[in-house]
Every structure is written in structure tokens, then in C-alpha cells.
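The values are calculated or read from the model by the stated rules, or taken from the named source; none is laboratory data. Note that the coordinates shown come from a computational prediction; the quantities given were computed from them, not determined experimentally. Using ideal geometry, Cβ is built from the backbone for each residue, glycine included, and neighbour counts are taken over all protein chains shown.
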Amino acid sequence: MTQRRMLLVAHTGRPDVDITARKVAATLAEAGIDLLASTDESRELGLNRFEPTDDDEGAAGSVEMVLAIGGDGTLLRAAERARPLSAPILGINLGRVGFLTEVDVDHVDAALQAIVDQRYRVSSRMTVQVRVEHEGQYIAGGWALNEISVEKVTRERILDVVVEVDGHGVSAYGCDGVLCATPTGSTAYTFSAGGPVLWPGVDALLVAPSNAHALFARSLVVSPESTVTVHIDPAGPSAILVCDGRRTQEIPPGSRAHICKGEKPVTLVRLGDQTFTDRLVRKFKLPVHGWRDQRH
């Protein structure tokens, strides 16, 4: 029988995270499951170290699951490890909202038992990828689970851009930035920028200008087969390319960022039958009781 192996990604340095991580490791060890971690986390928590290959694609299937202990930021960091390994992610929330996470810390015991018994399903989530060109040359790239943004570098100057869809100009903006999000990311940065919430089953890309000085400063929902291009004013300042709020690269004036659906998805572990609607209401504490309860 093949040894079951899982990878831990945790927001270490916090006492509550360390306690939960050690509890998870002990429970899985009792079930004969080997829990691995990166160098820093393995040293802090006393776990075996995961040895990544030069090309993690070659290690696909080497771990059954990635466990992310923290908040949504930790889960996004876990996605960087899980995607090349083709492993689903189970998020254990010790953050604030934790919209992407599946389990609150109070329900860890039941969740771990379900994992041990292999009573879980996975939800495939679209990713988004970017290729940046300058004067006809490739200069930067990346991918994201939530969103890719092209943002201004300094507070003092706005960023002038033209947004195109499939090579056709849509609008010019003077703005703080332009976001291109997946349905998963529609409850994150683009939500704060005034974008709509897209249910995970909606196959689309969401484009949202941030603090745009323009008459047409509305979010766009475009086909997942489309390519969104953000063209930075050649006479203006540089911009910052940001993937999931974590990985950043400065790109020069005149650059063109071509953004499209990612070639490979990220998968999330789901344990119960909670719908996305229920999750939205619970995480954002939305009021769903009103006049109907008063009249009936």
C-alpha cells in the first residue's frame, strides 16, 4: 500500500497556528499519514522536509493534499505549491474572513477524520495568467488564483492605461490600477473595487478598474476565451504587476500585459454540502431575514 503523504503550509510564528499545526500533524501521524513541510516550517514544527524538484511538475501526485493553516493569504501561498503538484488544498481558517478556507479551527477534529477516511470532494477553480511584453520582447509573467493587477507605483501619480479585449480597445483610464480576476477572486480585491460577485460555476473573467477617473468606470465580465490587454502609457510612469497580492514585478512604460484564463486550475477540498450562497452569507454576515419574517 502506498504511503499517504500531505504537505503543510502554515502561517507560522503565531501560537494558535503552531498549536493547530502540531495537532494536525499528530492526528495524521496516528493514521499513518506522513505530513511534510518546507524547510522553515519543518524546522519550526519538527516535520519531515518536503524536497521539491527543480520542476515541481515532475512531482505531480507526490502528495495527496496540501493543508493550509492560516487565512486566505496562507491559502494563496499554498496554491503556489499545490498547483504544480496537482494537489487539492484544504484551508483551515485561523484568519479573519477566510473566504477560501473550508474549515474553522473549532471543527478541525471532524475535518481531519474526514480526510483520514478520504471522505472529501474537490472543487476545480479557474486561474488567470499574464504575459507582459515591452517593445516586442517578453519581460514578465505569472499566474493567480484570485486576480492579476497592474497598479501604479507611487501614490502621487495616477496610472494611464488603455484596456483592450481581444485586441479591440474598450476604454482608456486614469486610475490606481486595473484588476483581472477569476470568479474565485471576485470576492477579494475586485469586490473591494466595486466589482460583482461571480459564482464559482460562472466561466468568465472579471475586469475592474480601481479608482478610475473616467465616465465608463464599470467592471466588465468577459468570455474565458478572451484575452484582456492592459497597455501602459509610454509617456507615463512605470507600473507594478501583482499576482494574488503576493508576487510583484515592476514593468516599464509602454508595456502591454496580456491576461487570459490560466492553463491549469487550482483545486480546493470541500467536506460538506454548503453552497457558495451559504458561504457568501455566512462569511460576509449578510442579512437574509427581513420583512418576510415579520409578516409570516
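Specify which of the listed residues (257, 208, 239, 212) is touching a strand residue (DSSP E or B) at 6+ places or on another chain (Cβ under 6 Å), over 18 Å from residue 143 (Cα atoms) and small (Gly, Ala, Ser). Give the steps one after another, and end with the answer.
Details: 257 fails: over 18 Å from residue 143 (Cα atoms); 208 fails: over 18 Å from residue 143 (Cα atoms); 239 fails: over 18 Å from residue 143 (Cα atoms).
Of the residues listed, the single one that is touching a strand residue (DSSP E or B) at 6+ places or on another chain (Cβ under 6 Å), over 18 Å from residue 143 (Cα atoms) and small (Gly, Ala, Ser) is 212.
Just for strands (runs of 3 or more DSSP E) wholly inside the stretch 197-296: which have at least 1 residues that are over 24 Å from residue 76 (Cβ atoms)? I'd like the intermediate steps shown before the answer.
Working: elements: 205-210, 220-222, 228-232, 239-243, 247-251, 256-261, 266-270.
Counting at least 1 such residues, we get 228-232, 256-261.
Looking at the stretch 151-172, is at least one residue hydroxyl-bearing (Ser, Thr, Tyr), in contact with a Leu (Cβ under 7 Å, 6 or more places away or on another chain) and either at pLDDT below 95 or over 24 Å from residue 277 (Cβ atoms) (or both)? Walk me through it before giving the result.
Keep residues of the stretch 151-172 that are hydroxyl-bearing (Ser, Thr, Tyr), which gives 154, 171.
Still in the list and also in contact with a Leu (Cβ under 7 Å, 6 or more places away or on another chain): none.
Within the stretch 151-172, none of the residues are hydroxyl-bearing (Ser, Thr, Tyr), in contact with a Leu (Cβ under 7 Å, 6 or more places away or on another chain) and either at pLDDT below 95 or over 24 Å from residue 277 (Cβ atoms) (or both).
Taking the stated definitions as given, is residue 131 among the basic types (Lys, Arg), outside any loop (DSSP other than H, G, I, E, B) and at pLDDT below 95?
Numbers: among the basic types (Lys, Arg): yes; outside any loop (DSSP other than H, G, I, E, B): yes; at pLDDT below 95: no.
Against the criterion (among the basic types (Lys, Arg), outside any loop (DSSP other than H, G, I, E, B) and at pLDDT below 95), residue 131 does not qualify.
Can you give me the ranges of the helices (runs of 4 or more DSSP H) entirely in the stretch 1-111 with at least 1 residues that are surrounded by fewer than 16 Cβ atoms within 10 Å (Cβ to Cβ), aliphatic (A, V, I, L, M) and at pLDDT 90 or above?
On the way: elements: 15-30, 39-45, 72-85.
Hits in the stretch 1-111: 15-30.
Do we have any residue at all in the stretch 175-194 that's farther than 30 Å from residue 277 by Cα and either at pLDDT below 95 or over 16 Å from the mean Cα position of the chain (by Cα) (or both)? Steps first, answer last, please.
Start the filter on the stretch 175-194 by keeping residues that are farther than 30 Å from residue 277 by Cα, which leaves 175-176.
Narrowing the set further to residues that are either at pLDDT below 95 or over 16 Å from the mean Cα position of the chain (by Cα) (or both) leaves 175-176.
So far as the stretch 175-194 goes, yes, one or more of its residues are farther than 30 Å from residue 277 by Cα and either at pLDDT below 95 or over 16 Å from the mean Cα position of the chain (by Cα) (or both).
Of these, 257, 212, 208, which one is in contact with a Gly (Cβ under 6 Å, 6 or more places away or on another chain), surrounded by 15 or more Cβ atoms within 10 Å (Cβ to Cβ) and either at pLDDT below 95 or aliphatic (A, V, I, L, M) (or both)? Show your work before the answer.
Details: 257 fails: in contact with a Gly (Cβ under 6 Å, 6 or more places away or on another chain); 212 fails: in contact with a Gly (Cβ under 6 Å, 6 or more places away or on another chain).
Criteria check complete, one pass: 208.
May I ask you to list the residues in the stretch 176-197 that are without any contact (Cβ under 8 Å) to a residue 40 or more places away in the chain and of a type outside the set (Phe, Trp, Tyr)?
176, 179, 186, 192, 193, 194, 195, 196
Among the residues of the stretch 158-196, count how many are assigned to a helix (DSSP H, G or I), aromatic (Phe, Trp, Tyr) and in contact with a strand residue (DSSP E or B) (Cβ under 8 Å, 6 or more places away or on another chain).
1
Which residue pairs have Cβ atoms under 7 Å apart, sit 6 or more places apart or on different chains, and have a first residue in the stretch 219-234 that is in the same structural domain as residue 251 (by the TED database) and a second that is among the acidic types (Asp, Glu) and surrounded by fewer than 19 Cβ atoms within 10 Å (Cβ to Cβ)?
That search, which allows pairs on different chains as well, returns 224/203; 226/166; 227/166; 229/164; 231/164.
Among the residues of the stretch 122-157, count how many are among the small types (Gly, Ala, Ser) and free of Cβ contacts under 8 Å to residues at least 60 places away in the same chain. Full working, then the answer.
Let us first name the residues in the stretch 122-157 that are among the small types (Gly, Ala, Ser), namely 123-124, 136, 140-142, 144, 149.
Cutting the leftovers down to free of Cβ contacts under 8 Å to residues at least 60 places away in the same chain gives us 136, 141.
Result for the stretch 122-157: 2.
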